[in-house]
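Quick note: the coordinates plus some simple rules give every number you see, no bench work behind them. These numbers were taken from a predicted model, which means no experiment stands behind them. Cβ placement follows ideal geometry from the backbone for every residue including glycine, while neighbour counts extend to all protein chains displayed.
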Amino acid sequence: MIVITGASGNLGRLVINELLKSVSASELVAMVRNPASVEDLARQGVGVRKADYTQPDTLDAAFRGADKVLLISSNEIGQRVAQHTHVIAAAKKAGVGLLAYTSILRADTTPLGLGVEHRQTEAKLAESGIPHVVLRNGWYTENYAAGIPAALERGVILGSAGDGRIASAARADYAAAAAAVLLLENQAGKVYELAGDEAYTLSEFAAEVAKQSGKSVRYQNMPEAEYAKALKAVGLPEALADMLADSDAGAAKGGLFDASKTLSTCIGRSTTPLSEVVAKALA
């Protein structure tokens, strides 16, 4: 039995859809805070268990009988380590044979501030003694594609990534990798550095948006602090704005680039091209 945490989220749903191509729905469990959010999965025969990273007592029941667990990192920045520690402890108590964790690309050396909690979680995993595999995911191309509507309206894409190359991939690519690893044996102790086959600068990203939309779109680079201020001015929460600006600044230092093609090797196909993600966003 494989338990997917955070299964109602975008990545979790995609992982389950990938797994359903190879295993029976009865072998999968979607762990969620709100079971009503995955009623469609339940109708397909996927088990649904209510649990919360912040409530350790709910995790014991969620992991009962689990052979493998995919711990999708929490989206609550600043609370992640405590939440992940609860999951690791519950998985160990349940005797889980393998815990897969979604970390960040080169977590041990990344200049991105996001790396701090991922490094701490990886350390907790090592200390726990539980068999585990680390999926160090690079950037989702959708992170930038989400800003396309605003870019078309204003004619500009703002950022602080400079000429840093970004080897992003579609969320579905990372989901396919997670599913593939969960279905393999002898994965304990492995670390996968996952990123897209194709790398681009934000200037090149803007050019692709302009090409496909037929509208004038350019990239405007800004100092990190000014970019964070601009994000807050359009309504983004302070913590999110600061995180995005920090990540862009990290990209300028090479933090979102990787040329190993480990991701495409893992999934047995090329990663989704930037042009395809842009086309989908424009549609």
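Would you kindly state how much longer the chain becomes between residue 77 and residue 282 on full extension, computed as 0.36 nm times their sequence separation minus their alpha carbon distance, in nm to one decimal? Provide the component values of the computation, followed by the final result.
Numbers: separation 205, 0.36 × 205 = 73.80 nm, distance 2.97 nm.
Result: 70.8 nm gained on full extension.
In degrees, nearest 10, range 0 to 90: what is the angle between the Cα axis of helix 202-213 and the longest Cα principal axis of the chain?
For 202-213 against the chain, the angle is about 80 degrees.
Listing 22, 73, 128 from the residue with the fewest other Cβ atoms within 10 Å to the one with the most, what is the order?
22, 128, 73
Can you give me the Kirkwood hydrodynamic radius for the chain, using every pair of distinct Cα atoms, in Å to one decimal?
19.5 Å
Taking θ as phi - 60°, what are the ³J(HN,Hα) couplings along the range 132-147 by the Karplus curve (6.51, -1.76, 1.60), each to the nearest whole Hz, with x for Gly and Pro?
8, 10, 10, 9, 8, 6, x, 6, 7, 4, 4, 4, 8, 4, 4, x
Of 43, 64, 49, how do they rank once you tally other Cβ atoms within 10 Å and put the fewest first?
43, 64, 49
With runs of 4+ DSSP H residues as the only contributors, calculate the mean residue ellipticity of the chain at 222 nm using -39,500 (n - 2.57) per run, divided by the residue total and rounded to the nearest 500.
Value at 222 nm, helices only: -13000 deg cm²/dmol.
What do you get for GluC sites (Glu not before Pro) in the range 1-80 restricted to DSSP loop and a cutoff of at most 14 other Cβ within 10 Å of the site's Cβ?
Within the range 1-80, the qualifying GluC sites (Glu not before Pro) (loop, at most 14 other Cβ atoms within 10 Å) are 76.
Residue by residue through the range 20-36, which ³J(HN,Hα) values in whole Hz follow from phi under the Karplus form 6.51 cos²θ - 1.76 cosθ + 1.60 (θ = phi - 60°), with glycine and proline marked x?
Listing the rounded values in order: 5, 6, 10, 10, 6, 4, 5, 8, 10, 10, 9, 9, 9, 6, 10, x, 4 Hz.
Could you list which residues have their amide H under 5 Å from that of residue 133, counting only those 5 or more apart in sequence or on another chain, with H placed in the peptide plane?
99, 100, 101, 189
Name the residues whose placed amide hydrogens come within less than 5 Å of the amide hydrogen of residue 104, ignoring near sequence neighbours (fewer than 5 apart) on the same chain.
Close amide H contacts, sequence-distant or interchain: 137.
List the residues whose amide H sits under 5 Å from the amide H of residue 168, counting only those 5 or more places along or on another chain, with H placed 1.01 Å from N in the peptide plane.
196, 200
Using θ = phi - 60° and the Karplus form 6.51 cos²θ - 1.76 cosθ + 1.60, what ³J(HN,Hα) does each residue of the range 89-106 get, whole Hz, x for Gly and Pro?
Ordered by residue, 3J(HN,Hα) equals 5, 5, 5, 5, 4, 7, x, 4, x, 7, 10, 9, 10, 8, 9, 10, 3, 6 Hz.
If you take every DSSP beta bridge fully contained in the range 2-137, what fraction is antiparallel? Give it as a percent rounded to 5.
That works out to approximately 5 percent antiparallel.
When only Cα pairs under 8 Å and 6 or more residues apart are kept, what is the percent relative contact order across the chain?
Over the chain, the number comes to 18 percent.
Short version: what are the Cα gyration tensor semi-axes of the range 11-83, square root of 5 times each eigenvalue, largest first, in whole Å?
Output for the range 11-83: semi-axes of 21, 13, 12 Å.
Just for the chain, what percent of DSSP beta bridges are antiparallel, to the closest 5?
Rounded to the nearest five, the antiparallel share is 5 percent.
So if I restrict to the alpha-carbon atoms in the range 2-137, what is the Rg, and what is Dmax, the biggest pairwise distance, in Å?
Both quantities, over Cα of the range 2-137: 14.2, 43 Å.
Can you put 265, 271 in order of Cβ neighbours within 10 angstrom, beginning with the fewest?
By the 10 Å Cβ count, ascending: 265, 271.
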